[in-house]
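Asker: Quick one: the structure is below, and I'll ask about it shortly.
The values are calculated or read from the model by the stated rules, or taken from the named source; none is laboratory data. As the structure is a prediction and not an experimental result, all values here were calculated from the model. Backbone-built Cβ (ideal geometry, glycine too); neighbour counts: all protein chains shown. Just the protein is used for accessible areas: all its heavy atoms, side chains included, with ligands, DNA and RNA removed. Shrake-Rupley method; radii C 1.70, N 1.55, O 1.52, S 1.80 Å.
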Amino acid sequence: MSSSQWISGSTGSFSESVDRVARAIERADAVLVGAGAGLSTAAGFHYSGPRFEKDFADFRDRFGITDMYAGGFYPFPDDETRWAWWSRMIWVNRYACPVGRPYQDLVRMLRGREYFVLTTNVDHQFQRAGVDRSRLFYTQGDYGLLQCPEPCHQATYDNEDLVRLMVRDQRDMRVPSELVPRCPRCGRVMVPNLRCDDTFVEDEGWHVALGRYQDFVAAHESGSVVLLELGVGANTPVIIKYPFWRMASQNPKATYVQVNMGETIAPSAIADQTVLVDGDAAEFLRELRGRLSGGENTDAA
């Protein structure tokens with residue numbers, strides 16, 4: 001496509017964009033949130049830098065791993081070492097971290113409104129911030145779940161108690177062999193329920209959430225809806241970005257909002273319905289929450 005078929009950057013000043021989105025949400029019948037990894041980055045949950053160095057310096061020194069994302073693909077020498085890595089990774093990003101301020105601001109902003117959240121994030125931040133499970137579809141899995149690697153059956157298993165033990169009892173970057181999780185049916189060493197390939201388990205809860213998402217989209221396909229995209233990059237655009245563009249193009253009452261740092265783009269065909277914010281999602285949500293009617297003091301915890 002030619003450059004004339006796209007708009008990019010910010011479509012107005014930061015303050016003007018926040019005001020425009022606030023007005024759209026106030027008059028909307030519903031808000032559909034699409035959230036990607038950039039939202040957790042805006043919350044301070046970086047996979048590299050000081051946060052990585054604090055918790056994974058030993059893995060860096062021995063294996064040369066430079067960030068948490070890369071470590072997930074490292075060919076560790078055995079299951080005990082692999083699960084020392086993964087238990088620590090899951091603990092740091094799913095259980096031991098606080099609830100990010102952007103998530104808190106978003107949930108408080110949505111309170112009392114008709115909404116649904118679609119996310120590719122796997123860190124459970126939305127659930128911990130208070131999003132009703134019936135209004136959430138986490139498409140790519142959850143750090144808090146395990147599955148068979150084959151898989152021999154379509155089920156997932158909560159891992160919190162096991163992860164706590166593995167983090168507590170690991171020594172020299174190895175967990176005790178008896179703590180290595182095994183599939184209760186076939187005995188294979190289990191893996192986190194994260195979408196990496198076609199072995200990802202879409203369990204019953206996943207399909208129920210998919211149905212609720214589809215019902216929400218159908219119910220508001222021609223109404224006044226705000227499509228609020230937060231921190232979604234180009235890695236998996238078919239899940240959030242492309243569907244949001246399509247919904248906006250098919251519904252003149254829709255307002256499409258894209259908030260992302262350093263990477264904002266949309267088809268020029270929906271330019272009149274679009275607000276692009278090339279900026280920090282945390283700052284945007286903090287300001288937006290404060291400008292909506294009934295918004296709480298943004299300095300209150």
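Asker: As a test question: what accessible area, to the nearest 10 Å², does GLU26 have when a 1.4 Å probe is rolled over all protein chains in place?
Answerer: The accessible area comes out at roughly 80 Å².
Asker: Which value in nm describes the separation of the simple spin-label points at ARG182 and GLU53, placed 7 Å from the Cα toward the beta carbon?
Answerer: 4.1
Asker: Next up: What order do THR255, THR274, THR66 take when sorted by accessible area (1.4 Å probe), most exposed first?
Answerer: These residues rank, largest area first, as THR66, THR255, THR274.
Asker: Still on this structure, please answer the following. Name the cysteines of the chain that stand alone by the Cβ rule: no other cysteine Cβ under 4.7 angstrom.
Answerer: Lone cysteines by the Cβ rule: CYS97, CYS196.
Asker: Could I ask something else about it? In a shell of Cβ-Cβ distance under 10 Å around VAL259, excluding VAL259 itself, what net charge do Lys and Arg (+1) and Asp and Glu (-1) give?
Answerer: With Lys, Arg at +1 and Asp, Glu at -1, the neighbours total -4.
Asker: Measuring from label point to label point, each 7 Å out along Cα→Cβ, what is the HIS207 to TYR74 span in nm?
Answerer: Between HIS207 and TYR74, the label points sit 3.8 nm apart.
Asker: Give me the 1.4 Å probe accessible area per residue for the stretch 115-192, excluding ligands and nucleic acids, in Å².
Answerer: 46
Asker: If you don't mind, another one. Rounded to the nearest 10 Å², what accessible area does LEU210 show when all protein chains are kept and the probe is 1.4 Å?
Answerer: 40
Asker: For the stretch 272-291 and the stretch 1-37, what is the centre-to-centre distance using only Cα atoms, to the nearest Å?
Answerer: Cα centres, the stretch 272-291 to the stretch 1-37: 7 Å.
Asker: Based on DSSP H runs of at least 4 residues, each adding -39500 (n - 2.57), what is the mean residue ellipticity at 222 nm of the chain after dividing by all its residues, to the nearest 500 deg cm²/dmol?
Answerer: -11000 deg cm²/dmol
Asker: Based on the Cα atoms of the stretch 167-241, what semi-axes does the equivalent ellipsoid have, where each is the square root of 5 times one gyration tensor eigenvalue, given in whole Å with the largest first?
Answerer: 38, 17, 11
Asker: Starting from the Kirkwood Rh over alpha-carbon pairs, what translational D in µm² s⁻¹ does the chain have by Stokes-Einstein at 10 °C and 1.306 mPa s?
Answerer: 77
Asker: Right, another one. How large, in Å, is the stretch 173-301 by the Kirkwood hydrodynamic radius built from its alpha-carbon pairs? Walk me through the intermediate numbers first.
Answerer: Details: mean 1/r = 0.0546 Å⁻¹.
18.3 Å is the Kirkwood radius here.
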